[in-house]
Amino acid sequence: MRKETGEKIQTGIMCGSFNPLHMGHIMIADYMCAFENLDEVWMVVTPRCPSEKSSDMADVAIRLDILTRFCFRYQHIRPCDIELQLSPPYYTINTIIALKEQHSDREFVLLLGEDNWTNFHYWYRSEQIKKEVPILIYPRKDSKSDDNLPENVRKVNAPLIEISSTFIRNAIKENKDIRSFLPVGEYEYLIENKIYNK
């Protein structure tokens, strides 16, 4: 995306396992571009998410392939493999620093669900993250953050989206046809390749 000379490309970063990608991810990215003036949202796939069981985690190469195959229809959404270039543990601060070093033409904005923000103070070097990038918080079910937010942090009035990757995985294991919850073609890809319906 072309910008005026000297104007940085406003780029949201949504970090996660994307296990798998679903329309909830797409809708949040759409909202951020349409209503929060972001030019693009990069979906940063993490090789390993501590909150998910290893038995439920598809290989990172498969998850990245899904992002690459099914994000292309959305011009403002891009898969990002930066964490595959980094050494574990995959701390968000390291991801942000690497992105800023590699893409000086962009201004990055961290996108966080409200559930993650409530635990943000436990994150590795959380104070530095707030200094490195602005943070936009979107609502999540059963999560309520403090309205007294730091200067560089802001809640957005995005719709509450209750689709989760856990729901998608469980539905596929139960042989439910949930293709409307996924980008076009992804359901067939998951079924044909037996990603979660082994």
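Among the residues of segment 133-151, those that are at pLDDT 95 or above and touching a helix residue (DSSP H, G or I) at 6+ places or on another chain (Cβ under 8 Å) comprise Val133, Ile135, Leu136, Ile137, Tyr138. Residue count for segment 165-186 under the criterion of being surrounded by 14 or more Cβ atoms within 10 Å (Cβ to Cβ) and closer than 19 Å to Ala29 by Cβ: the result is 7. Considering only residues that are among the polar types (S, T, N, Q) and at pLDDT below 95, look in segment 114-132 and name the one that is nearest to Leu149 (Cα to Cα). By that ranking, first place goes to Thr118. Residue count for segment 96-110 satisfying the condition of being in contact with a helix residue (DSSP H, G or I) (Cβ under 9 Å, 6 or more places away or on another chain) and either closer than 14 Å to Thr46 by Cβ or part of a helix (DSSP H, G or I) (or both): 7.
A quick yes/no check of all residues on (1) in contact (Cβ under 8 Å) with a residue 24 or more places away in the chain; (2) open to solvent by 40 Å² or more (accessible area, probe 1.4 Å):
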site	(1), (2)
Val44	yes, no
Val60	yes, no
Leu64	no, no
Glu83	yes, no
Ser104	no, yes
Trp117	yes, no
Arg125	yes, yes
Gln128	yes, yes
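Tallying residues that are closer than 23 Å to His103 by Cα and either at pLDDT below 95 or surrounded by fewer than 16 Cβ atoms within 10 Å (Cβ to Cβ) (or both) within segment 26-38 yields 2. When the test is whether a residue is open to solvent by 60 Å² or more (accessible area, probe 1.4 Å) and over 22 Å from Leu67 (Cα atoms), Pro159 passes it. Looking across Leu67, Leu111, one residue alone is more than 20 Å from Val133 (Cα to Cα), of a type outside the set (Lys, Arg) and modelled with pLDDT of 95 or more. It is Leu67. Of the set (1) surrounded by fewer than 20 Cβ atoms within 10 Å (Cβ to Cβ); (2) modelled with pLDDT of 95 or more, all apply to Lys53 but (2).
Among the conditions (1) over 24 Å from Glu7 (Cα atoms); (2) open to solvent by less than 20 Å² (accessible area, probe 1.4 Å); (3) not hydrophobic (A, V, I, L, M, F, W, C), Asn94 misses just one, which is (2). Here are the criteria: (1) within 15 Å of Ser165 (Cα to Cα); (2) open to solvent by less than 20 Å² (accessible area, probe 1.4 Å); (3) not in a loop (DSSP other than H, G, I, E, B). Tell me which single one Pro20 does not satisfy. Among (1) within 15 Å of Ser165 (Cα to Cα); (2) open to solvent by less than 20 Å² (accessible area, probe 1.4 Å); (3) not in a loop (DSSP other than H, G, I, E, B), the lone unmet condition for Pro20 is (3).
Considered as a group, the residues in segment 66-81 that are of a type in the set (Lys, Arg) and under 17 Å from Gly185 (Cβ atoms) include one that is surrounded by the most Cβ atoms within 10 Å (Cβ to Cβ), and that residue is Arg69. Selection over segment 130-154 of residues that are outside any loop (DSSP other than H, G, I, E, B) and open to solvent by 80 Å² or more (accessible area, probe 1.4 Å) gives a count of 2. Filtering segment 111-129 to residues that are among the charged types (D, E, K, R) and part of a helix (DSSP H, G or I) leaves Glu114, Asp115, Glu127.
The values are calculated or read from the model by the stated rules, or taken from the named source; none is laboratory data. This is a predicted model, so every value here is computed, not measured. Because the Cβ atoms are built from the backbone with ideal geometry, glycine has one as well, and the counts that use them run over all protein chains shown. We work out accessible area using only protein heavy atoms, side chains counted, and drop any ligands, DNA or RNA first. Shrake-Rupley method; radii C 1.70, N 1.55, O 1.52, S 1.80 Å.
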